[in-house]
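Take a look at the structure below.
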Amino acid sequence: MDVVVREAREAELGEISEMTVEVFATESLVSPEYLETLRDARARWTAPETILLVALDDGTDGLLGTVVYARPGSPLQDLASGAEAEFRMLAVTPAARGRGVGETLVQACIAQAKRDELPRIVLSTGPEMTAAHRLYERMGFRRATERDWSPSPEIELYAYVMDFQ
């Protein structure tokens with residue numbers, strides 16, 4: 001399976017919303033309130049300094065995954081500060097897991113941060129997402145425990161950073 005990554009199109013926003021909510025809800029990764037945020041792909045698509053990316057099966061154009069790339073100044077940045085990029089809301093359909101879709105989406109974010117000439121890219125992930133931790137570390141991200149944070153008392157997030165300079 002060849003994977004194509006590109007910016008999302010307006011006609012795809014409904015499918016992106018459904019897929020993202022399904023992935024996060026099935027994995028029990030987020031609160032019901034955050035599921036409503038994930039349901040609003042249009043807000044991600046229209047946010048300034050933000051790129052909503054999709055991964056598609058090159059043969060069928062079927063949606064395999066999605067991720068948000070947030071430049072400095074994006075209202076969707078949670079962890080990033082200053083001249084850092086951040087990626088968030090990485091979701092891969094269950095059927096596409098293990099095929100490199102997540103890695104391809106992360107590579108697209110890294111490439112965009114480099115094109116934007118930013119010094120680093122950051123991300124947050126849950127402690128239970130050990131497969132994702134292995135992927136990020138294999139790709140060259142380092143755990144930044146000093147930047148771990150909690151958006152609410154019941155949720156703890158780990159920080160990962162990749163420096164380009």
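Evaluated against (1) over 25 Å from Leu63 (Cβ atoms); (2) open to solvent by less than 60 Å² (accessible area, probe 1.4 Å); (3) touching a residue at least 40 places away in the same chain (Cβ under 8 Å), Pro127 falls short on exactly one condition, (3).
For (1) touching a residue at least 24 places away in the same chain (Cβ under 8 Å); (2) open to solvent by 30 Å² or more (accessible area, probe 1.4 Å), each residue gets a yes or a no:
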residue	(1), (2)
Glu117	no, yes
His133	yes, no
Gly140	no, yes
Ile155	yes, yes
Phe164	yes, yes
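One residue alone among Ala91, Ala83, Ala108 is surrounded by 18 or more Cβ atoms within 10 Å (Cβ to Cβ), touching a Leu at 6+ places or on another chain (Cβ under 6 Å) and not β-branched (Val, Ile, Thr), and that residue is Ala108. Return yes or no: is Ala8 in contact with a helix residue (DSSP H, G or I) (Cβ under 8 Å, 6 or more places away or on another chain) and either of a type in the set (S, T, N, Q) or at pLDDT below 95 (or both)? Criteria not met by Ala8.
Let's see how each residue does on (1) within 24 Å of Pro72 (Cβ to Cβ); (2) under 13 Å from the mean Cα position of the chain (by Cα); (3) basic (Lys, Arg):
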| site | (1), (2), (3) |
| --- | --- |
| Ala113 | yes, no, no |
| Gly126 | no, yes, no |
| Tyr136 | yes, yes, no |
| Arg143 | yes, no, yes |
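All conditions but one from (1) assigned to a strand (DSSP E or B); (2) without any contact (Cβ under 8 Å) to a residue 12 or more places away in the chain; (3) not β-branched (Val, Ile, Thr) apply to Met89; the one that does not is (2).
The values are calculated or read from the model by the stated rules, or taken from the named source; none is laboratory data. Please read these numbers as outputs of a predicted model, since none were measured by experiment. Glycine also receives a Cβ, built like all others from the backbone with ideal geometry; neighbour counts cover every protein chain displayed. Remember, those area values only see protein heavy atoms, side chains included, never the ligands or the DNA or RNA. Shrake-Rupley method; radii C 1.70, N 1.55, O 1.52, S 1.80 Å.
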